[in-house]
Amino acid sequence: MNYIYPGPQTGSVGSRNFSASRGDDMALAELGFIVVSIDGMGTPWRSKQFHEVGGLTDNTLPDQVAGMKQLAAENPWIDINKAGVWGHSGGGNATASAMFHYPDFFKVGWSESGNHDNRLYEDDWAEKWIGLDDAAHKQAYEDQANQPLAKNLKGKLMLVHGTMDDNVPPGSTLLVVDALMKAGKDFDLLMIPNAHHGYGDQTMYITRRRWDYFVSNLLGATPPHEYTLKPTPMPGR
């Protein structure tokens, strides 16, 4: 399982400080998955040269795939034929990109709130990293967009988006939905009513659905039916 956030302002690993659970990584590991987070070339915190390699187009995916294959080669108990990927926002973009660019490698993807086409995202973001949306950069923007490659999908893909997202509007995911439908592809879609870029009081429901999706489609097991997650009480309460 690859948890991905491709940068370029940060990477999948994020803070180098100790974190006991690393977000959802520990939970997925306890469900039976080997979970990796890889800062591929194009992410910061190393050298300037490392940061400037690649760009938004490849979403660090060549390094993600190479790193996972190398890890599996060193540890034969890893089943590299059952590779999954998930991420939120830029990670949602990268997840769909992974499923479309590497359809024979990634078998299951969970894509949350992805900015799937930066021509329709914030200009202060895209133009900072790609350049002006003009004739000189037309191909770079086209190469970054996910919907032209949706026809390549082979595995199981869940697309998730909040209907009130004012960071990445839901139309970004609907571009991919439209392309998948036109290509005759089977996929899954979960739209969260009244949710913004974060999912608010629906976070636990989405987390449980994400766990169930990977357990069912990647692990090949049957998750508990409609299991209810409960918040951990704060100390002293």
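The table that follows gives values for the structure above.
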| quantity | calculated |
| --- | --- |
| Region 2-219 shape via C-alpha gyration tensor axes, a/c threshold 1.5 | rounded |
| Packing rank of 162-173, 84-95, 189-200, where each peptide gets the mean count of other beta carbons within 10 Å, highest leading | 84-95, 162-173, 189-200 |
| Within straight-line cross-link reach of residue 128, aspartates and glutamates at Cα separation under 14 Å, skipping those fewer than 8 residues along the same chain | 52 |
| Protection proxy ranking of 121-133, 70-82, 96-108 - average other beta-carbon atoms within 10 Å, highest first | 96-108, 121-133, 70-82 |
| Cα centroid separation - region 99-139 against region 187-237, whole Å | 26 |
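Values in this text are rule-based calculations from the coordinates and carry no lab data. Computed from a predicted structure; not experimentally measured. With ideal geometry, Cβ positions are generated from the backbone for all residues, glycine too; neighbour counts draw on all protein chains shown.
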